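So the structure is just underneath, and the comments pick up after that.
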Amino acid sequence: MRFETPLVPARLIRRYKRFLADCRLEDGHEVTAHCANPGSMMGLAEPGQMIWLEPNDDPKKKLKFGWRLVDHENGHFTGVDTSVPNRALRAALAAREIPELAAYDTVRPEVKYGQNSRIDFLLSGPGLPDAYIEVKSVTLSRQPGLAEFPDSVTARGTKHLGELAQMAAQGHRAIMLYLVQRTDCDRFALAADIDPAYAAAFEVAQAQGVERMICGTRIAPDGVWIDVSTFPVINQHDPGLLT
């Protein structure tokens, strides 16, 4: 998935009110960018960090820049826009680039299900059980190489796990797909210390048939693409074990 407009580099001055970020462009001008990320963005919103912004000339938008990437200045990037994973994943699903899901020929986004919820993607195909896919953007990393979810308490995420379990009980495929928007990680774990309720709900959902998938991404200032390689998963009760 390529960005619609070429990104421009900047330095973060501050992030505030969750969805706003003051930034300094290379020419010294200060602008306010939209931050499409409701999470804590732990470790990704430090003043002075190099970031990449997407400019726009849409008259309907009050802010003329959107914050898309954090540049770690060591060859690695983190994608901070939580809308990007669904856009990138939709393209990958339509192109049948994910082997575990390549048999499905119909991809429908934002389908109503559960209790006043919408599933990110509903896949269907001849002779196959419908596949309900919920996508979570993973950006937290507190240990080198280890990506974690969530970065803050997520009651909504816990609700989604319960609704996926209900789909599995009805005979459908139910998939929680964690999309790691970091290029510096090759392992994944649930951050049970941040949200114990979510970690417990995940164990229950998995026991009830909910599948877990972890995908990586290739990120550069020109776009974000799905990396179909999966991550080994650290056992949340013992960080020294792989499952």
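Here is how the numbers come out for the structure above:
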read-out: The range 122-150, residues that are under 17 Å from residue 107 (Cβ atoms) and among the hydrophobic types (A, V, I, L, M, F, W, C); value: 122, 123, 128, 131, 133, 135
read-out: Those residues of the range 190-218 which are of a type outside the set (Lys, Arg) and within 14 Å of the chain's Cα centre (by Cα), in sequence order; value: 190, 213, 214, 215, 216, 217
read-out: Residues of the range 42-92 satisfying the condition of being part of a loop (DSSP other than H, G, I, E, B), out of contact with any strand residue (DSSP E or B) (no Cβ under 7 Å at 6 or more places or on another chain) and closer than 20 Å to residue 177 by Cα; value: 83
read-out: Subset tally (residues that are touching a residue at least 60 places away in the same chain (Cβ under 8 Å) and either more than 25 Å from residue 89 (Cβ to Cβ) or in a loop (DSSP other than H, G, I, E, B) (or both)) for the range 1-32; value: 5
read-out: Number of positions in the range 63-120 that are of a type in the set (Val, Ile, Thr), at pLDDT below 95 and closer than 17 Å to residue 172 by Cα; value: 0
read-out: Filter result for residue 8 (modelled with pLDDT of 95 or more, crowded, with 21+ Cβ neighbours inside 10 Å and within 17 Å of residue 222 (Cβ to Cβ)); value: no
read-out: Qualifying residue in the range 135-144 (condition: surrounded by 15 or more Cβ atoms within 10 Å (Cβ to Cβ), small (Gly, Ala, Ser) and farther than 30 Å from residue 29 by Cα); value: yes
read-out: Answer residue from the range 93-110, given it is surrounded by 15 or more Cβ atoms within 10 Å (Cβ to Cβ) and assigned to a strand (DSSP E or B) and is farthest from the chain's Cα centre (by Cα) among those; value: 107
read-out: Candidates 226, 133, filtered to the one that is part of a strand (DSSP E or B), at pLDDT below 95 and either hydrophobic (A, V, I, L, M, F, W, C) or within 19 Å of the chain's Cα centre (by Cα) (or both); value: 226
read-out: Which listed residue is open to solvent by less than 10 Å² (accessible area, probe 1.4 Å), closer than 16 Å to residue 41 by Cβ and touching a strand residue (DSSP E or B) at 6+ places or on another chain (Cβ under 8 Å), from 147, 174, 189; value: 147
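The values are calculated or read from the model by the stated rules, or taken from the named source; none is laboratory data. Everything numeric in this text was worked out from a predicted model, so none of it was measured. Virtual Cβ from ideal backbone geometry, glycine too; neighbours counted across all protein chains shown. Heavy atoms of the whole protein, side chains included, go into the accessibility calculation; ligands, DNA and RNA do not. Shrake-Rupley method; radii C 1.70, N 1.55, O 1.52, S 1.80 Å.
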